[in-house]
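The values are calculated or read from the model by the stated rules, or taken from the named source; none is laboratory data. All values derive from a computational prediction rather than experimental measurement. Note that each Cβ is placed from the backbone with ideal geometry, even for glycine, and that neighbours are counted across all protein chains shown.
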Amino acid sequence: MRSPSPAIFFDKDGVLVPDEGTLLPQSEFVLEEMVELLSRLRCSGVWKLFVVTNQAVIARGLITPQELQQYFTRLQSTILKRSAHAYFDKIYYCPHHPHANLPEYRVLCECRKPKAGMLTMAAEEFNLDLKRSYLLGDRVSDVVAANLVGCKAILCRFDFGTKRVVSPEELMKMVVTDLSEREEKDKRAFATIETPLQLLKYL
Ligand SMILES: [Mg+2]
Ligand SMILES: [Zn+2]
């Protein structure tokens, strides 16, 4: 069997596209530097690239899995138009929520971050070495999920300009709320970056 590959996992809201605070996934605004990062990682031939995103909008019944899939297809083709190398191996999403409106999604699942189910699923499907992998996220739940399986967590503080409607203060509040519930060691990120290409100095 081929030796396991390292991977880079990307959270969607606040990393790949701005966290606009809207319930429905609709933004296709991807930073130019992010397109370049994806393209460079792909061209290196080293990394597998994935999106891992909580999408409780499904559990709330606000959109269907088919509509979410259509959004992902649009997002991926928007990125591909800007660079032919900037594509993901797969987009994983968790449709569940413990207090969902729709009973079929009202479960305490293993995939909703801060759990690491999406990472372990990808590792099985693509033969990944999680210990050599990275997860880029903007919340403590991303950091915790990464640390659970030995991925290096990279906390992203990207400036999406006017596209970001979640204020830094609000973000801090979310982080602090999460923090009080977690073990100190689990919430520690390997590094914090302010622009996508800064990741390269840690690889
Ligand atoms: Mg996020
Ligand atoms: Zn789930």
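State whether the residues of segment 121-138 include one that is at pLDDT below 95 and in contact with a Lys or Arg (Cβ under 9 Å, 6 or more places away or on another chain). Yes, segment 121-138 has at least one match.
Taken across segment 88-98, residues that are within 27 Å of R40 (Cα to Cα), of a type in the set (A, V, I, L, M, F, W, C) and within 16 Å of ligand 2 (Cβ to nearest atom) do occur, with at least one present.
For segment 41-50, give me each residue that is free of Cβ contacts under 8 Å to residues at least 24 places away in the same chain and either part of a loop (DSSP other than H, G, I, E, B) or of a type outside the set (S, T, Y) (or both). Passing the criteria: only G45.
I'd like to check something: does segment 103-115 contain any residue that is over 15 Å from the mean Cα position of the chain (by Cα) and either within 26 Å of V30 (Cβ to Cβ) or away from ligand 2 (no atom under 16 Å from the Cβ) (or both)?
no
Scanning segment 139-158 for residues being in a loop (DSSP other than H, G, I, E, B), surrounded by 24 or more Cβ atoms within 10 Å (Cβ to Cβ) and within 12 Å of ligand 1 (Cβ to nearest atom) gives a total of 0. Could you grab me the full set of residues in segment 1-13 that are in a loop (DSSP other than H, G, I, E, B) and within 16 Å of ligand 1 (Cβ to nearest atom)? Correct list: D11, K12.
Rundown of residues vs (1) assigned to a loop (DSSP other than H, G, I, E, B); (2) away from ligand 2 (no atom under 16 Å from the Cβ); (3) crowded, with 20+ Cβ neighbours inside 10 Å; (4) at pLDDT 95 or above, yes/no style:
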{"site": "V15", "(1), (2), (3), (4)": "yes, yes, yes, yes"}
{"site": "D19", "(1), (2), (3), (4)": "yes, yes, yes, no"}
{"site": "F29", "(1), (2), (3), (4)": "yes, yes, no, no"}
{"site": "E33", "(1), (2), (3), (4)": "no, yes, no, yes"}
{"site": "S39", "(1), (2), (3), (4)": "no, yes, no, yes"}
{"site": "V52", "(1), (2), (3), (4)": "no, no, yes, yes"}
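Scanning segment 31-64 for residues that are within 11 Å of H85 (Cβ to Cβ) and either small (G, A, S) or touching a strand residue (DSSP E or B) at 6+ places or on another chain (Cβ under 8 Å) (or both) turns up L38, S39, L41, R42, S44, G45, L49. Scan segment 62-79 and give yes if some residue there is β-branched (V, I, T), in a loop (DSSP other than H, G, I, E, B), surrounded by fewer than 18 Cβ atoms within 10 Å (Cβ to Cβ) and touching a Ser or Thr at 6+ places or on another chain (Cβ under 9 Å), otherwise no. No, the conditions are met nowhere in segment 62-79.
A quick yes/no check of all residues on (1) within 16 Å of ligand 1 (Cβ to nearest atom); (2) surrounded by 19 or more Cβ atoms within 10 Å (Cβ to Cβ); (3) touching a residue at least 40 places away in the same chain (Cβ under 8 Å):
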position	(1), (2), (3)
S83	no, no, yes
A86	no, yes, yes
D89	no, no, yes
L102	no, no, yes
C109	no, no, no
R112	yes, yes, yes
A116	yes, yes, no
T120	no, no, no
F126	no, no, yes
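Among L75, L155, L68, which is closer than 21 Å to V17 by Cα and within 16 Å of ligand 2 (Cβ to nearest atom)?
Going through L75, L155, L68 in turn, the sole match is L68.
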